[in-house]
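To start, the structure under review is shown below, and the notes come after it.
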Amino acid sequence: MARLTLFYHLQDVNAEQAILELAGAADFNKLRSVDDLPWIEQLEANHVDVAIIELSSLSREDYLGLLDNVALSNIEFIFLSDGQPNPNLDQLMSHFAGYHFRKPYDMTLISDIFADFAQYLVSSPIRPRPFSSELDQYGLLVGSSAAMHKLYRTIRRVSATDSNVLIIGESGAGKELVANTIHLASPRLNEPFIAINCGALSPELVDSELFGHVKGAFTGAHRDHKGVFEQAEGGTLFLDEVTEMPIEHQVKLLRVLENSEYRPVGGAKVQLANVRIVAATNRDPIAAIEAGQFREDLYFRLAQFPIRVPPLRERGDDILGLAQHFLAYRNVAEKQNKSLADDSAQMIAAYPWSGNVRELKHAIERAYILADQEILPSHLQLPQASEMGASGDDQVVIPQGMRLDDLEKIAIYQALETTQGNKTDTAEQLGISVKTLYNKLSKYEQQVEAGESNAEM
């Protein structure tokens, strides 16, 4: 097995000597930067696994060069600095999820990080098998790609704090799983984790859902109701699709974040909130601000620590690995031995998965229902199936004895895929309310989770 390569660009001679002598660095070949070329160009020209870079500053040009360079996306970065504020480096960290240490450097920690890198920076092809999953897991997250390992380390770092977190990622990428994992890795893990979808809230009931109400506060308020802030007391409150909250209500959320105080609708007593806020959005928050749909001051309050969740297309072998993972759990839960045909595995690996992990999971779920033994490309029913050698007939072949509930599930999953995860459009397409759609999706997820739990017993 080839040794890993450590690239170093260090200005402090004493720090350089100390780093090279660290026990954790012993597993790496060392590659020192040269003076006559920019260090980014040297990274591009060599195979590098880990780079430790000491910076007096990070220019805008360097920032863009690191952010937009696909060739550097698999390199693990450690940045060292004298601690002077650097907006370019700060912004880079929110995208790269690398490490940034300020003087005086903790050499013991740097050595441990080198050792951590050396443990997993070896890739091996995933062999499709119907009964097992070969993917790593951290909390509720599953994946072995470099992008996921970076995410795991980011979660470990932020979970120990009480900072507000804003999770940014495409629909279906697993933002709620990230939020729940942050909670599970935090000191609040024994307290409630409460999730609310801000996009599904009726504008008339936002205040009541967030802050609760007292009996008689409005027509229909027949009893006291605890809002999500009270339900999550001591724990974590997850605000999903926060950019979809009505703009007029965002200022009320901002006030709670600023002073930790809220008042139930119709109530006279101010209550104190002790919750950790984790929010998420599948939109570009800056674009939402510019469009007048998201308050800039609320964004800065929520994004004390932004986290980007990688889309499935950036996760390499995780795509097929996740398909095998979902299939394995279904096989164990259903006591079956269904498997992926070779051309199905190839189709899964090549498909763009615009709906991310959720779309993949739904595709495997649907194919599992349709397949007798071997899952064929026609069972996957991907939009481009006809172009890849599957039947061009758009009609779904319904196996004899299929339950109505399963047909409904397939219809909902397919509608979600055609709308790229937009639940409002999906509900309209299906002729049901958004609330009904959320209830059905929640039921399906609970069924899968129950099956996975049984499979683990």
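The values are calculated or read from the model by the stated rules, or taken from the named source; none is laboratory data. Just so it is clear, the model here is predicted, and its values are computed rather than measured. Cβ placement follows ideal geometry from the backbone for every residue including glycine, while neighbour counts extend to all protein chains displayed.
Output the residue which, of all residues in segment 309-335 that are basic (Lys, Arg) and out of contact with any Ser or Thr (no Cβ under 7 Å at 6 or more places or on another chain), is surrounded by the fewest Cβ atoms within 10 Å (Cβ to Cβ).
Applying the first criterion (basic (Lys, Arg)) to segment 309-335 yields 313, 315, 330, 335.
Filter again for out of contact with any Ser or Thr (no Cβ under 7 Å at 6 or more places or on another chain), leaving 313, 330, 335.
Details: ARG313: 13, ARG330: 21, LYS335: 7.
If we take residues in segment 309-335 being basic (Lys, Arg) and out of contact with any Ser or Thr (no Cβ under 7 Å at 6 or more places or on another chain), then LYS335 is surrounded by the fewest Cβ atoms within 10 Å (Cβ to Cβ).
So, GLY292, is that one at positive phi and either under 17 Å from the mean Cα position of the chain (by Cα) or in the same structural domain as ALA179 (by TED's automatic domain parsing) (or both) or not? Walk me through it before giving the result.
Numbers: at positive phi: yes; either under 17 Å from the mean Cα position of the chain (by Cα) or in the same structural domain as ALA179 (by TED's automatic domain parsing) (or both): yes.
Against the criterion (at positive phi and either under 17 Å from the mean Cα position of the chain (by Cα) or in the same structural domain as ALA179 (by TED's automatic domain parsing) (or both)), GLY292 qualifies.
Among the residues of segment 207-243, write down those that are of a type in the set (Asp, Glu) and at negative phi.
The initial filter retains those residues of segment 207-243 that are of a type in the set (Asp, Glu), namely 207, 209, 224, 230, 233, 240-241.
Matches in segment 207-243: ASP207, GLU209, ASP224, GLU230, GLU233, ASP240.
Which helices (runs of 4 or more DSSP H) sit wholly inside segment 191-262 and have at least 1 residues that are in contact with a strand residue (DSSP E or B) (Cβ under 8 Å, 6 or more places away or on another chain), among the β-branched types (Val, Ile, Thr) and under 16 Å from ALA179 (Cβ atoms)? It would help to see each step written out before you state the result.
Values: elements: 206-211, 228-231, 247-259.
Qualifying helices (runs of 4 or more DSSP H): 228-231.
Evaluate segment 68-75: report whether one residue or more is among the hydroxyl-bearing types (Ser, Thr, Tyr) and either at pLDDT below 80 or surrounded by fewer than 18 Cβ atoms within 10 Å (Cβ to Cβ) (or both). Explain how you work it out, then say what you get.
If we filter segment 68-75 for residues that are among the hydroxyl-bearing types (Ser, Thr, Tyr), which is where we start, we get 73.
Of the ones still in play, those that are also either at pLDDT below 80 or surrounded by fewer than 18 Cβ atoms within 10 Å (Cβ to Cβ) (or both) are 73.
The answer is yes; a qualifying residue exists.
SER378 - would you say it is assigned to a helix (DSSP H, G or I), modelled with pLDDT under 80 and in the same structural domain as GLN346 (by TED's automatic domain parsing)? Working first, answer last.
Values: assigned to a helix (DSSP H, G or I): yes; modelled with pLDDT under 80: no; in the same structural domain as GLN346 (by TED's automatic domain parsing): yes.
No; evaluated as a whole, the condition is false for this residue.
Name the pairs: first residue in segment 40-57 and assigned by TED's automatic domain parsing to the domain that holds GLN11 and over 21 Å from GLN17 (Cβ atoms), second residue in a strand (DSSP E or B) and acidic (Asp, Glu), Cβ to Cβ under 7 Å, at least 6 apart or on different chains?
ASP49/GLU76
Which numbered condition trips up GLU209, out of (1) touching a residue at least 24 places away in the same chain (Cβ under 8 Å); (2) under 23 Å from ASP297 (Cα atoms)?
Failing condition for GLU209: (1).
Taking the condition of being β-branched (Val, Ile, Thr), at pLDDT 90 or above and in a loop (DSSP other than H, G, I, E, B), how many residues in segment 263-291 meet it?
Quick first cut of segment 263-291, residues β-branched (Val, Ile, Thr) only: 265, 270, 275, 277-278, 281, 286, 289.
Checking the rest, the ones that are also at pLDDT 90 or above come to 275, 277-278, 281, 286, 289.
If we keep only those that are in a loop (DSSP other than H, G, I, E, B) as well, we get 275.
Here the count works out to 1.
Kindly evaluate ALA18 against the criterion of being in contact (Cβ under 8 Å) with a residue 40 or more places away in the chain and either in contact with a strand residue (DSSP E or B) (Cβ under 9 Å, 6 or more places away or on another chain) or not assigned by TED's automatic domain parsing to the domain that holds SER111 (or both).
Details: in contact (Cβ under 8 Å) with a residue 40 or more places away in the chain: yes; either in contact with a strand residue (DSSP E or B) (Cβ under 9 Å, 6 or more places away or on another chain) or not assigned by TED's automatic domain parsing to the domain that holds SER111 (or both): no.
Here the answer is no, as ALA18 does not meet what is asked.
Which residues, taken from segment 159-176, are surrounded by 20 or more Cβ atoms within 10 Å (Cβ to Cβ) and of a type in the set (A, V, I, L, M, F, W, C)?
If the condition is that a residue be surrounded by 20 or more Cβ atoms within 10 Å (Cβ to Cβ) and of a type in the set (A, V, I, L, M, F, W, C), then VAL165, LEU166, ILE167, ILE168, ALA173 are the ones that fit.
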